[in-house]
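These notes are about the structure you will find just below.
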């Protein structure tokens with residue numbers, strides 16, 4: 001039997017009583033790794049934001065909608081640690097949200113991501129993201145690479161980040 005979403009799950013994932021809210025994050029799985037995505041399927045939504053900070057209630061509603069559509073169509077990866085919820089801000093007043101799925105989802109905004117992505121894990125407050133982008137740019141420059149775009153995956157919801165004592169995020173740099 002499913003519980004109603006409390007808003008405390010992994011940014012809106014509906015869970016059963018026996019499931020943990022956010023799966024335990026393993027930084028080594030993602031840190032300093034390169035991923036070649038060839039039409040990797042996602043569903044996409046967008047939310048308004050103010051200076052790169054999404055309006056929380058609207059964001060939660062969109063993520064709940066995305067999760068319900070993906071769960072209903074059984075397109076969420078079995079291993080929850082493989083599920084990515086990526087954020088990309090095309091400008092200061094809009095955030096795009098991408099939920100990884102295993103195949104296209106009926107009645108959803110389906111999209112794909114393709115290209116080479118370098119990932120690096122950071123641990124810190126949301127307000128440190130601009131600093132992390134600069135650190136990632138330096139990391140890429142050291143490897144003679146550069147980014148044409150960034151996507152961010154937050155490993156934990158705010159409640160789990162507080163409980164676990166970490167606010168991990170993965171920066172995915174789409175390489176130019």
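Are any of the residues in the range 95-103 in contact (Cβ under 8 Å) with a residue 60 or more places away in the chain and touching a helix residue (DSSP H, G or I) at 6+ places or on another chain (Cβ under 6 Å)?
yes
Looking only at the range 50-63, count every residue that is assigned to a strand (DSSP E or B) and under 15 Å from residue 151 (Cβ atoms) and tell me the total.
Kept after step one, since they are assigned to a strand (DSSP E or B), are these residues of the range 50-63: 50, 53-54.
Checking which are under 15 Å from residue 151 (Cβ atoms) leaves us with 54.
Looking only at that region, the number is 1.
When the residues of the range 5-31 are narrowed to those that are out of contact with any helix residue (DSSP H, G or I) (no Cβ under 8 Å at 6 or more places or on another chain) and at pLDDT 95 or above, which ends up surrounded by the most Cβ atoms within 10 Å (Cβ to Cβ)?
Here the residue is 30.
Hey, residue 174 hits all of (1) within 24 Å of residue 43 (Cβ to Cβ); (2) in a loop (DSSP other than H, G, I, E, B); (3) at pLDDT 95 or above but one; which does it fall short on?
Result: residue 174 passes all but (2).
Can you confirm whether the range 37-52 contains a residue that is loosely packed, with under 15 Cβ neighbours inside 10 Å and closer than 21 Å to residue 117 by Cβ? Break it down into steps so the answer makes sense when it comes.
Taking the range 37-52 and keeping what is loosely packed, with under 15 Cβ neighbours inside 10 Å, we get 38-39, 48, 50-51.
Then keep just the ones that are closer than 21 Å to residue 117 by Cβ; that gives 38-39.
Yes, there is a match, as at least one residue in the range 37-52 is loosely packed, with under 15 Cβ neighbours inside 10 Å and closer than 21 Å to residue 117 by Cβ.
The values are calculated or read from the model by the stated rules, or taken from the named source; none is laboratory data. This structure is a prediction, so every number in the text was calculated from the model and none was measured. Ideal geometry is used to build each Cβ from the backbone, glycine not excepted, and the neighbour counts take in all protein chains shown.
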